[in-house]
1. Only one residue in K97, K85 is free of Cβ contacts under 8 Å to residues at least 40 places away in the same chain, in a loop (DSSP other than H, G, I, E, B) and of a type in the set (K, R). Which one?
2. How many residues are over 20 Å from H69 (Cβ atoms), β-branched (V, I, T) and under 17 Å from the mean Cα position of the chain (by Cα) when one looks only at segment 142-176?
3. What is the residue count in segment 25-47 for residues that are of a type in the set (S, T, Y) and within 20 Å of the chain's Cα centre (by Cα)?
4. Considering segment 83-135 alone, what residues qualify as being of a type in the set (A, V, I, L, M) and open to solvent by 40 Å² or more (accessible area, probe 1.4 Å)?
5. Report the residue count in segment 222-254 for those that are assigned to a loop (DSSP other than H, G, I, E, B) and open to solvent by 40 Å² or more (accessible area, probe 1.4 Å).
6. Which of the residues that make up segment 190-221 are over 14 Å from the mean Cα position of the chain (by Cα), touching a residue at least 60 places away in the same chain (Cβ under 8 Å) and open to solvent by 10 Å² or more (accessible area, probe 1.4 Å)?
7. Among all residue pairs at least 6 apart or on different chains, which show Cβ distances below 6 Å where the first residue, located in segment 128-145, is farther than 16 Å from V110 by Cβ and free of Cβ contacts under 8 Å to residues at least 12 places away in the same chain and the second is open to solvent by less than 10 Å² (accessible area, probe 1.4 Å) and aliphatic (A, V, I, L, M)?
8. Kindly indicate the residue of segment 155-174 that is outside any helix (DSSP H, G or I) and either open to solvent by less than 10 Å² (accessible area, probe 1.4 Å) or touching a residue at least 60 places away in the same chain (Cβ under 8 Å) (or both) and also farthest from L122 (Cα to Cα) among those meeting that condition.
Amino acid sequence: MKIQQIRNATLIVEYAGKKILIDPMLSSKGTLPAFIPAKNWTFKKNPLNDLPYPKEEIIKDVDFVFVSHLHPDHWDKEAVRILPKGIKIFVQDYTDKLKIEKSGFSNVEVLGENSSFGDIKLSRTKAQHGKGYILKIAGCVCGLVLKHPTEKSLYVAADTVWYEGVQEALDKHQPEIIVLNGGDNQFAFGGQVIMNKNDINEVHKAVPNATILVSHMEGVNHNTLTRKELKEFLSGKGITDKVNVPEDGQSYTF
């Protein structure tokens, strides 16, 4: 297994001989609107950074795409434009399926608890995009678990905070590798909408032998947690051997 951090929540996963693209935000730096009002009151246009290498290389030979939800920092107009319209796409529900199909895609499937792609088992997991009333704005999202006899199990939690649904996924699937979205994104109201540093620590405590990668860092204007701050926190907890904070373009092999 190879996992490469691309930018924001976008990942390339090579798993059991397949190339998987996760939550593609492929727009050029500064070509998307800022998320307003961000808690930190920054109004820079998104994405905040360039892609680490050309988008054509990112999508080359992709076998399937997982789209956790349709927020523009996970599925943007450039992904719609550049991805082959016949590519396999897994989504969380029929609402997202219909919206993506209206964009011209013809091979979209709603992810279930017992889905598959070839001999790779795919499982939908619960996710909670914030707490309290912000959920009505943030909407629904799901995570993904990948399993294969020749690979370690992989859990991509997607945009979620730490709550019982994540614990349930950990208990059920016992993942060996975990990707968390951990930029502590916040608006001026409603609190966090993805994991903060304490949430990340809670996941580690729940599965101390798992290896964790933290994605969704420093990619969009409502991120409030920096890589530097997170690394300092992890160092203070003594868990930098288990929780990794990749830079854009960085990859890990398991």
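1. Every option except K85 fails the conditions.
2. Residues meeting the conditions: 0.
3. Result for segment 25-47: 2.
4. First, the residues of segment 83-135 that are of a type in the set (A, V, I, L, M): 83, 87, 89, 91, 98, 100, 108, 110-111, 120, 122, 127, 134-135.
Those that are of a type in the set (A, V, I, L, M) and open to solvent by 40 Å² or more (accessible area, probe 1.4 Å): L98, L135.
5. Residues in segment 222-254 being assigned to a loop (DSSP other than H, G, I, E, B) and open to solvent by 40 Å² or more (accessible area, probe 1.4 Å): 10 in total.
6. G190, G191, Q192 - these are the residues of segment 190-221 that are over 14 Å from the mean Cα position of the chain (by Cα), touching a residue at least 60 places away in the same chain (Cβ under 8 Å) and open to solvent by 10 Å² or more (accessible area, probe 1.4 Å).
7. From segment 128-145, no pairs qualify.
8. So, considering only residues that are outside any helix (DSSP H, G or I) and either open to solvent by less than 10 Å² (accessible area, probe 1.4 Å) or touching a residue at least 60 places away in the same chain (Cβ under 8 Å) (or both), the one farthest from L122 (Cα to Cα) is V161.
The values are calculated or read from the model by the stated rules, or taken from the named source; none is laboratory data. Remember, it's a predicted structure, so these values are computed and weren't measured experimentally. Glycine gets a Cβ as well: all are built from the backbone with ideal geometry, and neighbour counts include every protein chain shown. Accessible surface is based on the protein model in full, side chains and every heavy atom, while ligands, DNA and RNA are left aside. Shrake-Rupley method; radii C 1.70, N 1.55, O 1.52, S 1.80 Å.
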